[in-house]
Amino acid sequence: MKTEHLMRNSEEVDLLLTDKTMKNLFISIGTLSILIGTLNSCNQNNPKQEVSNVTTKSDSLAKGKVESTESFVILADTITYDVNVYNVNPEDPYTERFLKNVKPEILINSMFDAVYSGKLKAYDIFTNKELSISRIKEIEKTKGFSRSKIGKIQFTESWQMNPGSLEIQKKVIAMAFGYAHSDNPEDAISYDKPLFRVYVK
(Lines give C-alpha, C1' and ligand atoms only; values in the text may rest on other atoms or scores of the structure.)
Protein backbone atom coordinates (compact mmCIF):
# COMPACT_ATOMS: atom_id res chain seq x y z
CA MET A 1 0.00 0.00 0.00
CA LYS A 2 2.81 2.39 0.87
CA THR A 3 4.50 1.66 -2.41
CA GLU A 4 1.27 2.28 -4.28
CA HIS A 5 0.73 5.56 -2.42
CA LEU A 6 4.24 6.70 -3.15
CA MET A 7 3.87 5.95 -6.83
CA ARG A 8 0.63 7.91 -6.94
CA ASN A 9 2.26 10.88 -5.21
CA SER A 10 5.18 10.66 -7.61
CA GLU A 11 2.83 10.72 -10.60
CA GLU A 12 0.98 13.74 -9.18
CA VAL A 13 4.28 15.54 -8.68
CA ASP A 14 5.27 14.74 -12.25
CA LEU A 15 1.96 16.10 -13.48
CA LEU A 16 2.38 19.26 -11.41
CA LEU A 17 5.90 19.72 -12.73
CA THR A 18 4.70 19.13 -16.29
CA ASP A 19 1.92 21.70 -15.89
CA LYS A 20 4.32 24.21 -14.37
CA THR A 21 6.87 23.60 -17.13
CA MET A 22 4.22 24.10 -19.83
CA LYS A 23 3.05 27.30 -18.18
CA ASN A 24 6.62 28.59 -18.03
CA LEU A 25 7.12 27.62 -21.68
CA PHE A 26 3.98 29.49 -22.74
CA ILE A 27 5.07 32.52 -20.74
CA SER A 28 8.53 32.40 -22.36
CA ILE A 29 7.03 32.09 -25.84
CA GLY A 30 4.68 34.99 -25.13
CA THR A 31 7.53 37.15 -23.85
CA LEU A 32 9.66 36.30 -26.89
CA SER A 33 6.78 37.24 -29.22
CA ILE A 34 6.40 40.60 -27.50
CA LEU A 35 10.16 41.28 -27.85
CA ILE A 36 10.13 40.34 -31.54
CA GLY A 37 7.08 42.55 -32.14
CA THR A 38 8.78 45.45 -30.38
CA LEU A 39 11.96 45.04 -32.46
CA ASN A 40 9.98 44.92 -35.70
CA SER A 41 8.07 48.02 -34.67
CA CYS A 42 11.33 49.88 -34.01
CA ASN A 43 12.75 48.84 -37.39
CA GLN A 44 9.62 50.02 -39.17
CA ASN A 45 9.66 53.33 -37.37
CA ASN A 46 13.25 54.14 -38.34
CA PRO A 47 12.54 54.94 -42.03
CA LYS A 48 9.63 57.12 -40.96
CA GLN A 49 11.97 58.97 -38.67
CA GLU A 50 14.36 59.57 -41.58
CA VAL A 51 11.52 60.90 -43.74
CA SER A 52 10.47 63.11 -40.87
CA ASN A 53 14.00 64.46 -40.63
CA VAL A 54 14.07 65.21 -44.36
CA THR A 55 10.75 66.99 -44.13
CA THR A 56 12.04 69.03 -41.23
CA LYS A 57 15.06 70.09 -43.25
CA SER A 58 12.83 71.09 -46.16
CA ASP A 59 10.64 73.08 -43.80
CA SER A 60 13.74 74.82 -42.47
CA LEU A 61 14.81 75.75 -46.00
CA ALA A 62 11.34 77.05 -46.78
CA LYS A 63 11.36 79.12 -43.61
CA GLY A 64 14.78 80.44 -44.57
CA LYS A 65 13.41 81.68 -47.90
CA VAL A 66 10.55 83.43 -46.17
CA GLU A 67 12.95 85.12 -43.76
CA SER A 68 15.14 86.13 -46.70
CA THR A 69 12.14 87.62 -48.51
CA GLU A 70 11.14 89.57 -45.43
CA SER A 71 14.60 91.12 -45.31
CA PHE A 72 14.04 92.99 -48.60
CA VAL A 73 13.81 96.76 -48.33
CA ILE A 74 12.09 99.09 -50.78
CA LEU A 75 14.45 101.05 -53.01
CA ALA A 76 11.68 102.68 -55.03
CA ASP A 77 7.98 102.38 -54.39
CA THR A 78 7.45 103.70 -57.92
CA ILE A 79 10.04 104.65 -60.53
CA THR A 80 9.40 105.59 -64.18
CA TYR A 81 12.01 105.64 -66.93
CA ASP A 82 12.28 105.35 -70.71
CA VAL A 83 14.03 102.53 -72.53
CA ASN A 84 14.96 102.62 -76.21
CA VAL A 85 14.51 99.18 -77.74
CA TYR A 86 15.17 100.19 -81.33
CA ASN A 87 18.11 102.07 -82.82
CA VAL A 88 16.84 104.77 -85.17
CA ASN A 89 20.39 105.51 -86.26
CA PRO A 90 22.19 102.39 -87.52
CA GLU A 91 25.36 104.47 -87.79
CA ASP A 92 25.41 104.81 -84.01
CA PRO A 93 27.71 101.88 -83.06
CA TYR A 94 27.19 102.23 -79.31
CA THR A 95 23.39 102.01 -79.38
CA GLU A 96 23.57 99.28 -81.99
CA ARG A 97 25.84 97.23 -79.76
CA PHE A 98 23.73 97.78 -76.65
CA LEU A 99 20.54 96.62 -78.39
CA LYS A 100 21.90 93.76 -80.46
CA ASN A 101 20.43 91.10 -78.13
CA VAL A 102 17.11 92.84 -77.50
CA LYS A 103 13.94 91.26 -78.95
CA PRO A 104 11.22 93.88 -78.37
CA GLU A 105 8.82 92.28 -80.86
CA ILE A 106 8.08 89.47 -78.38
CA LEU A 107 7.00 91.92 -75.68
CA ILE A 108 5.17 94.26 -78.05
CA ASN A 109 3.18 91.53 -79.83
CA SER A 110 2.30 89.97 -76.46
CA MET A 111 0.91 93.28 -75.18
CA PHE A 112 -1.21 93.83 -78.31
CA ASP A 113 -2.52 90.26 -78.10
CA ALA A 114 -3.37 90.75 -74.40
CA VAL A 115 -5.31 93.94 -75.18
CA TYR A 116 -7.24 92.36 -78.04
CA SER A 117 -8.09 89.29 -75.95
CA GLY A 118 -9.29 91.45 -73.04
CA LYS A 119 -6.61 90.22 -70.68
CA LEU A 120 -5.23 93.76 -70.39
CA LYS A 121 -6.80 97.16 -70.95
CA ALA A 122 -5.17 99.99 -72.87
CA TYR A 123 -5.18 103.56 -71.56
CA ASP A 124 -4.44 106.96 -73.04
CA ILE A 125 -0.93 107.94 -71.97
CA PHE A 126 -1.91 111.55 -71.08
CA THR A 127 -5.48 111.32 -69.81
CA ASN A 128 -5.29 107.74 -68.51
CA LYS A 129 -8.74 107.10 -69.97
CA GLU A 130 -9.47 103.59 -71.16
CA LEU A 131 -9.17 103.06 -74.90
CA SER A 132 -11.49 100.72 -76.73
CA ILE A 133 -10.23 97.82 -78.77
CA SER A 134 -11.64 99.48 -81.89
CA ARG A 135 -9.48 102.52 -81.12
CA ILE A 136 -6.37 100.34 -80.90
CA LYS A 137 -7.26 98.82 -84.27
CA GLU A 138 -7.59 102.33 -85.72
CA ILE A 139 -4.10 103.17 -84.44
CA GLU A 140 -2.71 100.08 -86.13
CA LYS A 141 -4.31 101.19 -89.42
CA THR A 142 -2.77 104.66 -89.23
CA LYS A 143 -0.61 105.49 -92.24
CA GLY A 144 3.04 104.93 -91.48
CA PHE A 145 2.40 102.88 -88.36
CA SER A 146 4.07 99.53 -87.83
CA ARG A 147 4.67 97.52 -84.67
CA SER A 148 8.30 97.24 -85.73
CA LYS A 149 8.58 101.03 -85.33
CA ILE A 150 7.73 100.88 -81.63
CA GLY A 151 11.13 101.77 -80.30
CA LYS A 152 10.54 103.32 -76.89
CA ILE A 153 8.95 101.77 -73.84
CA GLN A 154 8.33 103.73 -70.67
CA PHE A 155 8.45 101.42 -67.66
CA THR A 156 6.84 102.12 -64.30
CA GLU A 157 8.27 99.74 -61.72
CA SER A 158 8.84 99.10 -58.03
CA TRP A 159 12.31 98.13 -56.81
CA GLN A 160 13.43 96.31 -53.68
CA MET A 161 16.76 94.94 -52.49
CA ASN A 162 18.11 92.45 -49.97
CA PRO A 163 21.03 94.28 -48.28
CA GLY A 164 22.53 90.97 -47.15
CA SER A 165 22.63 89.13 -50.47
CA LEU A 166 22.57 92.34 -52.59
CA GLU A 167 19.78 90.77 -54.64
CA ILE A 168 17.61 93.35 -56.42
CA GLN A 169 14.05 92.63 -57.53
CA LYS A 170 12.14 94.76 -60.02
CA LYS A 171 8.41 94.47 -60.58
CA VAL A 172 6.80 96.05 -63.63
CA ILE A 173 3.65 98.00 -62.82
CA ALA A 174 2.91 99.60 -66.19
CA MET A 175 4.32 100.09 -69.68
CA ALA A 176 3.71 102.90 -72.16
CA PHE A 177 4.65 102.57 -75.82
CA GLY A 178 5.85 105.13 -78.34
CA TYR A 179 6.80 104.66 -81.97
CA ALA A 180 9.18 106.30 -84.41
CA HIS A 181 7.43 109.17 -86.13
CA SER A 182 8.32 112.24 -88.12
CA ASP A 183 5.90 114.68 -89.77
CA ASN A 184 8.65 115.91 -92.06
CA PRO A 185 10.90 113.38 -93.81
CA GLU A 186 13.77 115.84 -93.48
CA ASP A 187 13.40 116.01 -89.70
CA ALA A 188 15.12 113.61 -87.36
CA ILE A 189 12.99 110.65 -86.36
CA SER A 190 11.62 110.88 -82.83
CA TYR A 191 9.60 108.65 -80.53
CA ASP A 192 7.17 111.38 -79.53
CA LYS A 193 4.16 109.64 -81.02
CA PRO A 194 2.42 107.94 -78.07
CA LEU A 195 0.38 104.79 -78.41
CA PHE A 196 -1.12 103.56 -75.14
CA ARG A 197 -0.30 102.43 -71.63
CA VAL A 198 -1.04 99.04 -70.04
CA TYR A 199 -1.00 98.11 -66.37
CA VAL A 200 0.38 94.66 -65.71
CA LYS A 201 0.54 94.63 -61.90
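Of note:
- Test: I133 is surrounded by fewer than 14 Cβ atoms within 10 Å (Cβ to Cβ) and either outside the structural domain of K152 (by TED's automatic domain parsing) or touching a helix residue (DSSP H, G or I) at 6+ places or on another chain (Cβ under 7 Å) (or both): yes
- Test for Y94: is it modelled with pLDDT of 95 or more and of a type in the set (S, T, Y): no
- For S158: the one exception among (1) at pLDDT below 90; (2) surrounded by 12 or more Cβ atoms within 10 Å (Cβ to Cβ): (1)
- Close Cβ contacts (under 8 Å, 6 or more residues apart or on different chains) running from residues in the range 93-117 that are assigned by TED's automatic domain parsing to the domain that holds Q154 and part of a loop (DSSP other than H, G, I, E, B) to residues that are among the aromatic types (F, W, Y) and surrounded by 12 or more Cβ atoms within 10 Å (Cβ to Cβ) comprise L99/Y86.
- Inside the range 161-187, residues that are at pLDDT 90 or above and within 18 Å of Y123 (Cα to Cα) make up a count of 7.
The values are calculated or read from the model by the stated rules, or taken from the named source; none is laboratory data. For clarity, every value in this text was computed on a predicted model and none was experimentally measured. No Cβ is skipped: glycine too gets one built from the backbone with ideal geometry, and neighbour counts run over all protein chains shown.
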